[in-house]
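S.K.: This is the structure I want to talk about, given as structure tokens.
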Amino acid sequence: MTPGRFDGLLPFIGVFCLIAVWYVAVHGGLVDPVLLPTPRAAFDAFIKGMTNGKLGHDFLRTVERTVWATFFAAIIAIPLGIVLGSAERLYRSFEFVIDFFRSTPASAMFPLFLVLFGVGDGTKISVAAFGAALVILFNVAYGVMNARKTRLLAAKAMGASRLRVLFDVMLLESLPQTFVGLRNGVSLALVIIVVAEMFIGSRDGLGHSVFEAQQLFDMPRMYAAIFAAGALGYALNLLFQTVERSFVHWGGR
Amino acid sequence: MTIRGLSKRFGSTDIYENFDLDIPRGELITVFGPNGCGKSTLINMIAGLIPLDAGEVLFDGMRLSEIKFGYVFQNYREALFPWLRAFDNIAYPLKLMKVPKAERTARVEKLVDRLGIRLDLGLYPYQMSGGQQQLVSILRAFVVEPEILFLDEPFSALDYEMTLFMREQLQRLFMETRTTTIVVSHDLEEAVYLADRVLLLSRHPARVADFVPFDAERPRTDAVLSDKGFVQTKAHCLEVFQREVRRT
């Protein structure tokens, strides 16, 4: 099929349909208007909240926590992943432990981290960092382990030392997979941060905002906060994709 | 180059058992033999990419670590570094030898100039055609001014048109530098066409089935392919090959 002139508009069709269904549902009386406000009311609450209300502040707090969590996860997991990945037997020794905790829902760790770090940002950030770190670690280690054998041999044939091979070849070979890990890691960190903001004594953040609006039955505000969280998740993904594309220009080619 | 008492086992199969070979300096040797006889294994062992079980390989009495050599892989896509531009790929071995940057640049430029190669070296490998990428691999092997050069089925991943072109390029490089060159090939026509001598290997454990000289003058052109000498040499190689394949 040849791309048409209006193909750039295709993504908007889904958005338009969603809003249309929402509109019909509210105005057609299909849903209780108390549970589902009009798109207009939710949108107004979003704009108002983001510009001069508390939502903008909550949004920034969540961004801040997610960024810190991902940052700590990355500085711990990337070097560790490289070390484990470059010694396959070492990785095999720890594989079960990594897989086990990677499969453990991070929310199950909340009480433990509460005991360790108390009620505050430390707990939220560290649980999120813990979850994200395992995802990043796993991806980096696999990226290093799956470095093309021919490329390693080529470096060896040119007389590269083990350390040179690690820095000049393995590290760069693992970059595409590292970015996969970072993208998954930041998504997971955001999920954990939002949940933590709901239930671990928070005074701000998007999770807190959603929860508080629900408790106060302020439905437009709740939808606005949900939408803000969605927009944040999408934006983070897009950001990492953009960075990846300019940084790992050879990825997938 | 002398090989003495080379032995190699994969599992329970003896690929090489007490294998001896002498390769004269400054010649282009092609290696041809039945599938799985260990053609690539031979040059991989000589180039130190896989360990020998026994035996030794000396280059004018020196060990591999004391000489400069180049290696060209069949799979150029995986042998080049996609994160480096072609120019930096070619210069990389010099970087490993701790040659200063200005000199690296000068040496790559000199090499490309001398060989009259027209290539945009500012491109990344994935922006180049297969043949161009393999040419970059070959230049990377040549840039260190190697005493010996190994090529493992260098053209078998290219289409026929590109293969013909690359044969000419390799021949020119060889004539220009007279570097001792060992090419593993799975194409008998190519093996004879390129070679000063064709090394015919037997089934494993591999022996030298024959070491056939072919002394047509260089530069050889397509016309050589129908020369009497070429046809006879190729026929002889084929006969030896068939005999080795049928031997149980």
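S.K.: What is the Å³ per residue value for the convex hull set by the Cα atoms of the range A:51-247? Please report the intermediate quantities before stating the final value.
M.R.: Details: hull volume 23.3 nm³, N = 197.
Hull volume normalised by residue count: 118 Å³.
S.K.: Hey, got the dipole for the range B:133-248? About the Cα centre, +1 on K and R Cβ, -1 on D and E Cβ, debye to the nearest 20? Display every interim value, and only then the final one.
M.R.: Details: 14 positive and 19 negative charges, 93 e Å.
Charge dipole of the range B:133-248: 440 debye, to the nearest 20.
S.K.: To make sure I understand the rule: partners must be aspartates and glutamates, Cα under 12 Å from the Cα of B:LYS101, and not fewer than 8 residues away in the same chain. Which ones qualify?
M.R.: By straight Cα distance, B:LYS101 reaches B:ASP88.
S.K.: Per 0.36 nm of contour for each residue apart, how much would the distance between A:ASP99 and A:ARG164 grow if the chain were fully extended, relative to their Cα-Cα spacing?
M.R.: This chain segment gains 20.4 nm when fully extended.
S.K.: Comparing A:ALA160, A:ALA129, A:ALA147, which has the greatest mean-square fluctuation in the GNM of chain A with Cα pairs linked when under 10 Å apart?
M.R.: For chain A, modelled as a Gaussian network with Cα springs under 10 Å, the answer is A:ALA160.
S.K.: Another question, if that's okay. Let me know the charge dipole size of the protein assembly as shown about its Cα centre in debye, to the nearest 20, where only the beta-carbon of Lys, Arg (+1) and Asp, Glu (-1) is charged. Walk me through the intermediate numbers first.
M.R.: Working: 52 positive and 50 negative charges, 123 e Å.
About 600 debye.
S.K.: Counting only other chains, what is the mean number of Cβ atoms within 10 angstrom of the Cβ of each residue in peptide B:71-83?
M.R.: On the way: counts 5, 2, 5, 1, 5, 2, 4, 7, 7, 3, 8, 9, 11.
Taking all residues of B:71-83 together, the mean is 5.
S.K.: Please compute the Kirkwood hydrodynamic radius over chain B, one decimal place, Å, based on all pairs of different Cα atoms.
M.R.: With all distinct Cα pairs of chain B included, I get 18.8 Å.
S.K.: Which listed residue (B:LEU135, B:LEU84, B:TYR124) has the Cα farthest towards the positive end of the charge dipole for the range B:72-146, taking +1 on Lys and Arg C-beta and -1 on Asp and Glu C-beta about the Cα centre?
M.R.: Among B:LEU135, B:LEU84, B:TYR124, the one farthest towards the positive end of the dipole of the range B:72-146 is B:LEU84.
S.K.: Continuing with this model, one more query. What share of all Cα pairs of the protein assembly as shown, in percent, falls into each consecutive 10 Å distance bin?
M.R.: Spelled out per bin, shortest first, that is 4, 15, 19, 18, 14, 11, 9, 7, 3, 0.
S.K.: On to the next question. List, in the order given, every pair from A:LYS156/B:LYS98; A:LYS156/B:LYS95; B:LYS39/B:LYS98; B:LYS39/B:LYS95 whose Cα-Cα distance in the structure shown is over 24 Å. If you can, show how the numbers build up before the last one.
M.R.: Working: A:LYS156/B:LYS98 15 Å; A:LYS156/B:LYS95 14 Å; B:LYS39/B:LYS98 33 Å; B:LYS39/B:LYS95 31 Å.
Distance filter (> 24 Å) returns B:LYS39/B:LYS98; B:LYS39/B:LYS95.
S.K.: Output the antiparallel fraction of DSSP beta bridges having both residues in the protein assembly as shown, as a percent to the nearest 5.
M.R.: Details: 16 of 33 bridges.
Roughly 50 percent of the beta bridges in the protein assembly as shown run antiparallel, per DSSP.
S.K.: Next up: Please order A:LYS124, A:LYS54 by the number of other Cβ within 10 Å, starting at the fewest. Please list the in-between numbers first.
M.R.: On the way: A:LYS124 31, A:LYS54 15.
Exposure proxy ranking, most exposed first: A:LYS54, A:LYS124.
S.K.: Related question: Identify all lysines with a Cα-Cα distance to B:LYS228 below 18 Å; exclude those on the same chain that are fewer than 8 residues away in sequence.
M.R.: Candidates past the 8-residue exclusion: nothing left.
S.K.: Listing B:TYR126, B:TYR71 from the residue with the fewest other Cβ atoms within 10 Å to the one with the most, what is the order?
M.R.: On the way: B:TYR126 14, B:TYR71 25.
Starting with the residue having the fewest Cβ neighbours, the order is B:TYR126, B:TYR71.
S.K.: Mean residue ellipticity at 222 nm from the helices of the protein assembly as shown, using -39,500 (n - 2.57) per DSSP H segment of n ≥ 4 over the full residue count, to the nearest 500 deg cm²/dmol?
M.R.: Taken over the protein assembly as shown, the calculation gives -18500 deg cm²/dmol.
S.K.: Choose one of B:LEU49, B:MET162, B:LEU173: the residue whose Cα lies farthest towards the positive end of the charge dipole of the protein assembly as shown (beta-carbon charges +1 Lys, Arg; -1 Asp, Glu; about the Cα centre).
M.R.: After comparing all options, I get B:LEU49.
S.K.: Given Cβ point charges of +1 (Lys, Arg) and -1 (Asp, Glu) and nothing else, what value in debye, to the nearest 20, does the dipole of chain B about its Cα centre take? The partial results should precede the final answer.
M.R.: Values: 31 positive and 34 negative charges, 97 e Å.
The dipole magnitude comes to about 460 debye.
No lab work stands behind these numbers, since they all come straight from the coordinates. No experiment lies behind these values; they were computed from the predicted model shown. Note: ideal-geometry Cβ built from the backbone for every residue, glycine included; neighbour counts use all protein chains shown.
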